[in-house]
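The values are calculated or read from the model by the stated rules, or taken from the named source; none is laboratory data. From a predicted model like this one, the values you see are computed outputs, not experimental measurements. Here the Cβ positions follow ideal geometry from the backbone for every residue, glycine too, while neighbour counts run over all protein chains shown.
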Amino acid sequence: MSKDEQKQYQKNIKLYQPKSHIFKNGVKAFVVGGLICTLGHGISQIYMTYLPITQEEAMSPTLATLILLAALATGFGVYDKLGQFAGAGSLVPVTGFSNAMTSAALEHKSEGLVFGIGANMFKLTGAVIAFGVLSAYLVSLTRLLVEMLINS
């Protein structure tokens with residue numbers, strides 16, 4: 001295919017491609033992601049108000065609550081609709097990760113608890129966990145080496 005034919009093909013194909021609404025999609029992602037984070041902050045404030053704990057201590061139950069809410073929303077099909085509307089805004093780390101694990105588990109529940117849910121739940125998220133652990137190790141090792149060089 002010559003260069004002119006490639007240009008003509010690109011021009012023709014653009015007529016059939018859907019128009020991208022980058023600004024509109026960005027605003028939706030920003031708003032929904034912000035609302036999820038605001039929900040997390042509100043949950044944290046509730047825990048600190050009704051339990052005698054500090055902000056640092058409220059982080060764990062807040063994360064557990066967000067994970068539970070995202071898993072329930074995934075199970076009831078609400079999170080998928082949110083993801084279709086908000087795009088990347090629904091991928092706020094904790095809730096997006098919970099959604100990924102829950103949806104994979106639900107897809108394979110007919111195969112049983114061990115070989116269905118247990119084996120397939122971590123197909124997508126297993127790589128994220130492995131990368132996170134490896135990255136944390138490398139950053140920690142780098143920090144240790146830098147501190148050793150500075151202190152010696």
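Do we have Thr65 as surrounded by 14 or more Cβ atoms within 10 Å (Cβ to Cβ) and in a helix (DSSP H, G or I) here?
Yes; evaluated as a whole, the condition is true for this residue.
Sort out which residues of the range 1-47 are over 21 Å from the mean Cα position of the chain (by Cα) and either at pLDDT 95 or above or among the acidic types (Asp, Glu) (or both), and write them in order of number.
Asp4, Glu5, Gln45, Ile46, Tyr47
Just one of (1) polar (S, T, N, Q); (2) under 28 Å from Leu39 (Cβ atoms); (3) at pLDDT 80 or above trips up Thr142, so point out which.
Among (1) polar (S, T, N, Q); (2) under 28 Å from Leu39 (Cβ atoms); (3) at pLDDT 80 or above, Thr142 violates only (2).
Looking at (1) on the phi < 0 side of the Ramachandran plot; (2) modelled with pLDDT of 85 or more, which is the only condition Ala104 fails?
The one condition Ala104 does not meet is (2).
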